[in-house]
1. Restrict the check to the range 218-232 and report whether at least one residue is modelled with pLDDT of 80 or more and either closer than 13 Å to Ala81 by Cβ or out of contact with any helix residue (DSSP H, G or I) (no Cβ under 6 Å at 6 or more places or on another chain) (or both).
2. Identify, please: which residue in the range 216-269 is aromatic (Phe, Trp, Tyr) and under 30 Å from Asp16 (Cα atoms) and is, among those, nearest to the chain's Cα centre (by Cα)?
3. Scan the range 180-199 and give yes if some residue there is touching a Ser or Thr at 6+ places or on another chain (Cβ under 9 Å), of a type in the set (Ser, Thr, Tyr) and either part of a loop (DSSP other than H, G, I, E, B) or buried (at least 17 other Cβ atoms within 10 Å of the Cβ) (or both), otherwise no.
4. Which of the residues belonging to the range 47-83 are acidic (Asp, Glu), closer than 30 Å to Leu215 by Cβ and without any contact (Cβ under 8 Å) to a residue 40 or more places away in the chain?
5. Scan the range 233-249 for residues that are buried (at least 19 other Cβ atoms within 10 Å of the Cβ) and either touching a helix residue (DSSP H, G or I) at 6+ places or on another chain (Cβ under 7 Å) or aromatic (Phe, Trp, Tyr) (or both) and report the count.
6. Suppose we keep only residues that are surrounded by 15 or more Cβ atoms within 10 Å (Cβ to Cβ) and among the β-branched types (Val, Ile, Thr) within the range 78-128. Which one would you say is nearest to the chain's Cα centre (by Cα)?
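The values are calculated or read from the model by the stated rules, or taken from the named source; none is laboratory data. These figures come from a predicted structure and were not determined experimentally. Here Cβ is always computed from backbone atoms with ideal geometry, including for glycine, and neighbour counts include all displayed protein chains.
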Amino acid sequence: MSAGPWREAARALRADKGGVAALLVVALLVAAAIVGPALSPNDLETLDWTHVAADPGFAHAHWFGTDRLGRDLFVRTLEGARVSMAVGLLAGIVSLGLGLAFGAVAGYVGGRTDDLMMRFIEIMSGLPLIFFVIFLNVIFGRNPFALFFAIGAVGWLTTARIVRGQTLSIRRKEYIEAAIASGARTPRIILKHVVPNVIGPVIVYATLTVPQIILFESFLSFLGLGIQEPRASLGTLIAEGAGEMEAAPWMLLAPGLFLVALMVSLNIFGDGLRDAFGQRR
């Protein structure tokens, strides 16, 4: 794909004030998750027994308060956000890679191969995804890397359908026929001509998928099926805070507000990116 359409999409995105503002919020949240824990005098594992379930304040240096074990919620919230964002990003990359490869092959090869591959996707789509993730967690164990793979391994189905549809629309284009006439093999055509021309819509969809993956991971962690202690994600922190909602509401508000801000800003940016690519088409 030439650089021109990408420049047009970038220009349209810059004109979308909501999308730009959402991108800035995402950047600030990511920077806070990366740099924030280093700014606190507390660390992730220190137990401050003199300030157990302390409310937020600057006098005791626990800016978001502490939990029932005296652990600093500022550090734990940002560490949990870092884990949740890492899960969303890496699982999104796994989902993008699998969906792109599967959909491009199915759409370009066509025929019986396409029928068999799409039947496989339909069967996988009919399975309860949460039970599939639980099954993979049981096989690989409960660790962050298994969670990345488990969520990514079930999140690629819609991506594959989108790529297949885009591939079907371009496989009869003149440049594809010219590549075939020049003797190019199928793998080269898919890599050099199909993938570059479907990557734009796929990236837009991936941008909208990342917040869904983060929310799914938070849901699994809330149920006790995701990130385990002593590590934390936003889901585990929200689960802990829900049990202390009346006595210590800050334990729920800190990770909950961070998750809401992240979800809203990612979705607004994804919508802006989708509109930008839609304008150039």
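1. Narrowing the range 218-232 to residues modelled with pLDDT of 80 or more: none.
Within the range 218-232, not a single residue is modelled with pLDDT of 80 or more and either closer than 13 Å to Ala81 by Cβ or out of contact with any helix residue (DSSP H, G or I) (no Cβ under 6 Å at 6 or more places or on another chain) (or both).
2. Going residue by residue through the range 216-269, those that are aromatic (Phe, Trp, Tyr) are 216, 219, 222, 250, 258, 269.
If we keep only those that are under 30 Å from Asp16 (Cα atoms) too, we end up with 216, 258, 269.
Values: Phe216: 9, Phe258: 15, Phe269: 13 Å.
My answer is Phe216.
3. Checking the range 180-199: not a single residue is touching a Ser or Thr at 6+ places or on another chain (Cβ under 9 Å), of a type in the set (Ser, Thr, Tyr) and either part of a loop (DSSP other than H, G, I, E, B) or buried (at least 17 other Cβ atoms within 10 Å of the Cβ) (or both).
4. In the first step, residues of the range 47-83 are kept if they are acidic (Asp, Glu); the result is 48, 55, 67, 72, 79.
Restricting the remaining residues to those that are closer than 30 Å to Leu215 by Cβ gives 55, 67, 72, 79.
Result: Asp72, single match.
5. Step one: filter the range 233-249 for residues buried (at least 19 other Cβ atoms within 10 Å of the Cβ), giving 233-241, 248.
Next, only the ones that are either touching a helix residue (DSSP H, G or I) at 6+ places or on another chain (Cβ under 7 Å) or aromatic (Phe, Trp, Tyr) (or both) stay: 233-241.
Count: 9.
6. For the range 78-128, the residue satisfying everything is Val87.
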